[in-house]
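Trainee: Submitted below is the structure of interest, expressed as structure tokens.
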Amino acid sequence: MIRKRARRRRLERGVIIIPSAFTLGNVFFGVFAMVMASRGAYEWAAWFIVFAAVLDTFDGGMARFTRTGSRFGAELDSLADAVSFGVAPAMVMYQLYWADGSWSWLLSYLFVTAVVVRLARFNVEQGGEAKRSFHGLPSPAAGMMLATSYPFTQTAFFEAYLSTLPWTQIMGILMVLLSALMLSHVPYARMPRVGLRTPGTRINSVIVVAAIVTAIAAPRYYFFPALFGYAVWGLLKSVAIGFLDRLPERDPLLEVDEDEDDDDDEPEDEEARPLDYGGLGPRYRARGRNRRVRRRRIDPRDDNGREDIT
């Protein structure tokens, strides 16, 4: 019995290590991306951040599959995400666009701050796991969008149609907008469920497989436009839902108040009674104060406890 228990404990410890290994791999690729950015290999830095996102997706799934999810794992995952999708993309953007500026590094600081606050709020509000949707733009999506913008600039389409735009200013504005979206309460869809049991999961499986094939076949063209569309779609959907919820069912100029309806039901031939405002004069108010000064007391000689008013 003792040997069996020892074997079970060793097995449980080994199983618990698996999700943490994925999380630490996430940190490895995030740090490696910063190293590549410091060496000028910005495209490799972008792909390493994508690799970190892949491992970040699998560590939660492994924890649920092995039933080894814990508070420690959630906190470790948040710290890893802060490095890989906060510090690393901000470092890449700084090296690309603002290394020569005096105060432009504050944009990178703003983005990292938004990522850290967003992760802390995620752990408090959603317990480290999205239930139905994410509250605010997920930090992996924001970090990958910034990082994969450089591979997108190396495509023929960008060189032909978009290379003349002021991308230094555009990326600065994009970082500010992404920071605001991460701290917002805009609902963003989580990873769809895949499988073959229901028609919905089958459709999701086809979409996910097509996305994976496209990402592998043309990663430069896929990641940045897809992530940009994800961010914009969630924002537009939230605005549309909020706008439709506030629309009145009919023209507000034609609506009638319930109080007005009640007034219409009253008979029109009712006589109006004259109002007497004499009681609102100064003499009446003085009398009212004198009356309120009077107090009640109980006569001690009264056995029944009756009150005499003086």
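The values are calculated or read from the model by the stated rules, or taken from the named source; none is laboratory data. What you see is a predicted model, and the numbers here were worked out from it, not measured in a lab. Glycine gets a Cβ as well: all are built from the backbone with ideal geometry, and neighbour counts include every protein chain shown. Heavy atoms of the whole protein, side chains included, go into the accessibility calculation; ligands, DNA and RNA do not. Shrake-Rupley method; radii C 1.70, N 1.55, O 1.52, S 1.80 Å.
Trainee: Could you tell me whether region 135-157 includes any residue that is farther than 22 Å from Glu75 by Cα, without any contact (Cβ under 8 Å) to a residue 12 or more places away in the chain and open to solvent by 30 Å² or more (accessible area, probe 1.4 Å)? Break it down stepwise before answering.
Mentor: First pass over region 135-157, keeping only residues farther than 22 Å from Glu75 by Cα: 145-157.
Among the residues that remain, those that are also without any contact (Cβ under 8 Å) to a residue 12 or more places away in the chain are: 156.
In the following step, the residues that additionally are open to solvent by 30 Å² or more (accessible area, probe 1.4 Å) were identified as 156.
Yes, region 135-157 has at least one match.
Trainee: Looking only at region 110-124, decide whether some residue is surrounded by 21 or more Cβ atoms within 10 Å (Cβ to Cβ), under 12 Å from the mean Cα position of the chain (by Cα) and of a type in the set (Lys, Arg).
Mentor: Looking through region 110-124, at least one residue is surrounded by 21 or more Cβ atoms within 10 Å (Cβ to Cβ), under 12 Å from the mean Cα position of the chain (by Cα) and of a type in the set (Lys, Arg).
Trainee: Considering only helices (runs of 4 or more DSSP H) fully contained in region 186-299, which possess at least 1 residues that are open to solvent by less than 90 Å² (accessible area, probe 1.4 Å), at pLDDT 60 or above and over 20 Å from Met144 (Cβ atoms)?
Mentor: So the answer is 199-217, 219-246.
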